[in-house]
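Undergrad: Okay, here's the structure, questions in a sec.
All of the numbers you see were taken from the coordinates with simple rules; none came from a lab. Values in this document were obtained by computation on a predicted structure and should not be read as measured data. Cβ: placed from backbone, ideal geometry, glycine included. Neighbour counts: every protein chain shown.
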Amino acid sequence: MITLRAEPGPIVPDVAQLLRPGTLRLPALPPLALYVHFPWCVRKCPYCDFNSHEPAGGAAIPEARYLDAVRADLDTALPLIWGRRIVSVFVGGGTPSLLSATGLDRLLSDVRARLPLEPSCEITLEANPGTFEAAKFSAFRAAGVNRLSIGVQSFDDELLHRLGRVHDRAQALAAIGAAQREFENFNLDLMYALPGQSVEAMRADIDLALELVPPHLSLYQLTIEPNTVFARYPPALPDEDTAAAMHEWIEDRLALAGFPHYEVSAYAQPGRMCRHNLNYWQFGDYLGIGAGAHSKISFPGRILRQARLRQPASYIEAALRGAPLADSAEVPRADLAFEFMLNALRLNVGVPAHLFTERTGLPASALEPALGQAKGRGLLTADHERIAPTELGRRFLTDLQRLFLPAHRDGACGTEQGA
């Protein structure tokens, strides 16, 4: 296994070494997506564990210098993905809608100048209604963004206040109205099981969201994550039975409205599933640039994971020197079955059975005996055509995923965010 760590100097991958024969035999390289992280927010939400930061002391965001660093980061990464086409771009955060229209246009121009994008490339930008400006949304569309993801979370002003959001109901509705005028494709992020939220309030949020007819809805149950304000000062949340009842009502309500539940937290009209996220769940490749971004990049004989430096100031300085990486290492062969299933089982319809060998380079037998155990417990269906969680498996997804966990692993591996 190759661990690309140069001590005490910067981490610099050796492309020639990566292209040598390894322990895997991938028949073809998977689709490749690009994730760009923008790490600043107006205010850090108390539930958020993403790599996001408030500007220190109210200082201005160093937009131009950060974009210089992201461009340098991309230049450093190009030898790892040379010649590969990009199927989707996701600009996430943080709050990327804090970028100026000129800044976003520059970012996407830098990307296009260096990477070949598929003609149908999905380009998503995350937007916060609290940073909404109608003219800016129009400029984002003109720059090439063709999908907007709006972080609404709730339409209830009191609940928004408890969540520490910087927008209110009126701003959310105004932002969605502008998105409807400028974008054919957009997503609304909402949360449920919020502090003090009643079932009736949850239903009101969902009903209003459906009235607005978004092509895609992401619905997340609020969970308390470590190293957040809510972890230090836990709010009173609905009990587990109430949260489960909310989830069941949401699933039924959205199905009746023509939004099938296709992934753990995602619902979409036919043909409107998020391509960027589908690439994650189908164990595709992604290059992550920007502070704290992660990458998964395949080569014929191995799969590489990387992480960028998290703190914006440190990342900027290092990226401009051509050394943005905090870590770079080959994924151990023994971990690949778990990592594939961790992602694939998030999809309600699962994945084609042949995708496992195509994306990992491992024989189908590498999934045994965990596959047999999962089938025996009624958590999963699998044949020569498809591997998919059952309804019971979706309900106890973490237990199902853990069956594929290697003996030396005691935790799960995450992916980039998206919606």
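Undergrad: Rounded to whole Hz and in sequence order, give me ³J(HN,Hα) for the range 243-253 from the Karplus expression 6.51 cos²θ - 1.76 cosθ + 1.60, θ = phi - 60°, writing x for Gly and Pro.
TA: Once rounded to whole Hz, the list reads 4, 5, 5, 4, 4, 5, 5, 4, 4, 5, 5.
Undergrad: Along the Cα-to-Cβ line of residue 397, 7 Å from the Cα, sits a label point; which residues in the range 316-351 have backbone N less than 14 Å from it?
TA: The answer is 341-351, whose backbone nitrogens lie closer than 14 Å to the label point.
Undergrad: Can you give the FRET efficiency for residue 252 and residue 384, using 1/(1 + (r/R0)^6), R0 = 35 Å, r = Cβ-Cβ distance, to the nearest 0.05?
TA: 0.60
Undergrad: State the extension gain, in nm to one decimal, for the chain segment bounded by residue 354 and residue 161, taking 0.36 nm per residue of separation less the distance between their alpha-carbons. Please report the intermediate quantities before stating the final value.
TA: Values: separation 193, 0.36 × 193 = 69.48 nm, distance 4.74 nm.
That works out to 64.7 nm of additional length.
Undergrad: Placing +1 at every Lys and Arg Cβ and -1 at every Asp and Glu Cβ, with all other atoms neutral, what dipole size does the chain have around its Cα centre, in debye to the nearest 20?
TA: On the way: 40 positive and 47 negative charges, 247 e Å.
For the chain, the charge dipole is close to 1180 debye.
Undergrad: Would you please give the FRET efficiency between residue 19 and residue 184, computed as 1/(1 + (r/R0)^6) with r the Cβ-Cβ distance and R0 = 35 Å, to the nearest 0.05? Before the final figure, lay out the partial values.
TA: On the way: r = 40 Å, r/R0 = 1.16.
That gives a FRET efficiency of 0.30.
Undergrad: Something else: Where a ≥ b ≥ c are the square roots of the eigenvalues of the C-alpha gyration tensor, would you call the chain rounded, which needs a/c under 1.5, or, failing that, prolate if a/b is larger than b/c, or oblate?
TA: On the way: a/c = 1.60, a/b = 1.09, b/c = 1.46.
In terms of gyration-tensor shape, oblate.
Undergrad: May I pose another question? Label residue 311 and residue 68 with points 7 Å out from Cα along Cα→Cβ: what is the distance between them in nm?
TA: That separation, rounded to one decimal, is 2.0 nm.
Undergrad: Note down the nm distance, to one decimal, between modelled labels 7 Å out along Cα→Cβ at residue 113 and at residue 85.
TA: Here the answer is 2.4 nm between the modelled labels.
Undergrad: Under 16 Å Cα to Cα from residue 136, which lysines show up? Leave out anything in the same chain fewer than 8 places away.
TA: The reachable lysines, counting only those whose Cα sits under 16 Å from residue 136, number zero.
Undergrad: Select from 11, 89, 291 the residue farthest towards the positive end of the dipole of the chain; place +1 on Cβ of Lys and Arg, -1 on Cβ of Asp and Glu, and compute about the Cα centre.
TA: Value: 11.
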